[in-house]
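Throughout, read-outs are computed from the coordinates displayed, never taken from laboratory work. Since we're looking at a predicted model, the values are computed, not measured. We place every Cβ from the backbone using ideal geometry, glycine too, and count neighbours over all the protein chains shown.
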């Protein structure tokens, strides 16, 4: 039952909580809510979050010391069962900029109680005895649902309600990534409605693109078109496609970027990995079509924005290509990265603190 | 002499300091004292600590911002030579909730100066150059005594007195665990005197149960009975038994829980590990008697409390048993965990800050 | 191109930035400047830094709460690609004592984005999206130059200028170590001019002694003599010797400590490592002359100071020798260690905050 590694039994167990536990809808009120799925948000909730994020960014740039009161006296714990430096740092920075405190179990988890075979339910409650909010990163799908379930039980014993925010659960969801992505579109284009948005790369396995597409649907974007550009083997899964179509979003699938590039307002670029292909030749046949370079970007609109979740590798060409792309004002991936911190600040302030904005 | 791992010479050396260095008695005054042994405390000191802990918990629940002044401007370093996520997080959370600052060398130690062969005496003084208090976790018995010895020498060079608090030294002591355990008994039962307290499991090797038993003796509990329930191979060591009896505590040894369960006010459950037995059959013969389940707890008093130091595994049955036990209001192990933070807050505030409560 | 470890291509690439990027001279104004080389400082800059450090230390000893305002609301990230517990803790403690916030990627880096093959240029900009100042420790020479180069590019995208401070780049520079060393000389001797300073040990490979010697030259010390005591195989490199002589510093090379010990005001002791010698016999022949013991120190001046960058091993004899040396008031290595934190506080406050002292 315990053997020094995350065990398979435990893995299957986490998935059970996807049906056992229903995350609360935001419905206009963030305070005291776990954040574990994009499905908790609707258009109104997203608009509240966008406004809060814009307000926080403005105050940060004015060096407004009042920000340091927003989570003062509150403690966030990062509980990372797999390392993700940038997600970890982004959350930590967000909490600190709000005047809150942080304890980080960024790597320690794997060496310590996990090694001794403790299950997630107990570890998350142990940390919940100390912290007001736990950022959980875990390889098991459903782990953040399981954490939410047990933290709710803990409430009766410790006269407090510690919250969980998902920092990514395996191939499941990474809701704050999707939130920062949609916010960045809104930030650069001042709307989600009426846009032509193109997602490119491995759309089959990419957690990031699934969540972003769903969130655009949750926003009930009007007159928005989603283009999915992928090799045939790596098309967007049917269930995501259906989810989007049900919300009335126009969907367009192709394996050729140039079918849609000229009309695109937003390009979201991700990597196609060779190891996903059963036949190496089929990878060779398509790979060049999935490398973003200055020459490709030259064919896009003047006011397009190029997004990428980072880290990037050869799907954006050589280091020289990177440098050239970075110098193009239409690339916004570092702005997107910075927005991640602002979105997390808004979320933390709202779930911990209430009606401050 | 140095080979990239904690070496045996060094290990034996730490033990020397158990006789070389005598930790100061608290004797009513915590300020400026290292905390490395339960033997520093007497009944009066414990009562002061209980009162301070209750006060801190009350203020935490009232969100009293005044708490953030108690260690403001003071810096704690956690220096963990072996990982212990929950002890580490508990101390970090405690210091942060008091407004103090933390630097954590939670895992780094093993990769860095230790790797280069530096001894404990130098590392602890290096950290003492930056920090006001060091929480030391180290596999060597006596390591916290050695740290206290060298920090006292450092005082002359840096015009400050950095303190050490033990976070556990091998099979030696883990004083703050014992303090949170005895506080939890006091918290739930409002007294230590006159209780029937049952410690169950591997009483031979368990650092936790040794320290708790000794601390009950240090408290000079009146009309208190300690029941030690263990397989014959894993009985409480003679020296601990003698220590307790000398303080006039009634002691009762048995290998059958049901001899004492009906009269017990406090159950302290720990694990019996198969690998401690030379003969697998003798483990098989007794193991079922050392598994706590809802069926066992059903036979205990209505107002019993069930404690456990956590993490727990199969000594509390299946995951379903865990869930059922957690729902019983008589189980207090998560409360005990949370109390650990409050006790550490009280200790930190008192050794660093003086007469604030 | 990426294989889960720091790759050689990347390593060579960092070195290119030594010629591509010229760090800004301090020239009396620290605010907004990267700190990556001792060559940024001249005598006037060092004197400003000494004064600021003395002021900070005085205020720390008076428990002046005003210090907690100096970097309040600013965030430092430590980005350590190789572990160095004491440098990491020293910077973290410095920032905390100034009221600033810290996020630490002390070990995580190696497990996370690096593992995924991200290059330094992208990682440092990702962290720069969150932090005001990055302390970078990296095995590649030139890495801090590369970081400064890309952080300057980032400025246009995030409307902020995150700074980098080098925490050591391979066999290149470790500027804050050199700054704390020269400050400690000034602190103990109240001057750099007119001193007889002796550097002992492996002067060929020692980054520490190269930087300190250069910094004494940058100070344009008057009537100062530098003695370099090293085995013939481990002499100070020609380029460093030339650098120093050009500044008019008297230089004296020998392999015999006793040639200079009697006149020395400052001894800076470092280790000679056996593995640096091709012929074991030549190591055996000289090693005893490079062990500092109480008997050696007995032959030095009454007001000499003995410095060491720590950690120390057998180049300072047995543990008993360590204890005896520590008790001699002329040894200042722990004071030197503590000064490291004060110097880093002064630097952080000045580059982040401007004209506060």
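With label points set 7 Å from Cα along Cα→Cβ, the inter-copy distances at residue C:58 are 4.4, 4.4 nm, sorted shortest first.
For the range A:265-357, what is the Kirkwood estimate of the hydrodynamic radius, computed as the reciprocal of the mean inverse distance between distinct Cα atoms, to one decimal in Å? Before the final figure, lay out the partial values.
Details: mean 1/r = 0.0648 Å⁻¹.
Across the range A:265-357, the inverse of the average 1/r is 15.4 Å.
What is the helix-to-structure angle for A:333-353, meaning the angle in degrees between its Cα long axis and the longest Cα principal axis of chain A, kept from 0 to 90 and rounded to the nearest 10? Its long axis makes an angle of about 30 degrees. Measuring spread by the Cα atoms of the protein assembly as shown yields a radius of gyration and Dmax of 30.6, 89 Å. Distances from residue C:44 to itself in the other copies, using label points 7 Å out along the Cα-Cβ axis, amount to 6.4, 6.4 nm in increasing order. Spin-label pair residue C:189-residue B:153: with each label point 7 Å from Cα along the Cα-Cβ axis, the two points sit 2.7 nm from one another.
Note on residue C:293/residue C:62: beta-carbon distance plugged into 1/(1 + (r/R0)^6) with R0 of 45 Å gives a FRET efficiency of 0.75. Report summary: the helix-based calculation at 222 nm, which adds -39500 (n - 2.57) for every DSSP H run with n ≥ 4 and divides by the residues of chain A, gives -13000 deg cm²/dmol. In the assembly of identical copies, residue B:301 has its label point, taken 7 Å from Cα in the direction of the beta carbon, separated from the corresponding points by 7.6, 7.6 nm (ascending, one decimal).
Largest mean-square fluctuation among C:277, C:17, C:91, in a Gaussian network model of chain C whose springs join Cα atoms under 10 Å apart, belongs to C:277.
Measure out, as a whole number of angstrom, how far apart the alpha-carbon centroids of the range A:226-278 and the range A:190-216 sit. Taking the Cα centre of the range A:190-216 as reference, the centre of the range A:226-278 is 8 Å away. Between the range B:138-170 and the range A:306-357, the C-alpha centres lie 45 angstrom from each other. Computed over the range A:49-173, the P(r) tail beyond 25 angstrom holds 27 percent of alpha carbon pairs.
If R₀ is 30 angstrom, what is the calculated FRET efficiency for the pair residue A:313 and residue C:72, using the beta carbon separation as r and rounding to 0.05?
On the way: r = 39 Å, r/R0 = 1.28.
In this case the efficiency is close to 0.20.
Principal axis extents of the C-alpha atoms in chain C (largest first, rounded to whole Å): 59, 50, 41. Within the range C:193-247, all pairs of alpha-carbon atoms sorted by distance into 10 Å bins from zero give the percentages 25, 60, 15. Between B:131, B:77, B:298, the Gaussian network model of chain B with springs among Cα atoms under 10 angstrom shows the greatest mean-square fluctuation at B:298.
Using alpha carbons only, the radius of gyration of the range C:176-336 set against its Kirkwood radius gives Rg/Rh = 0.94.
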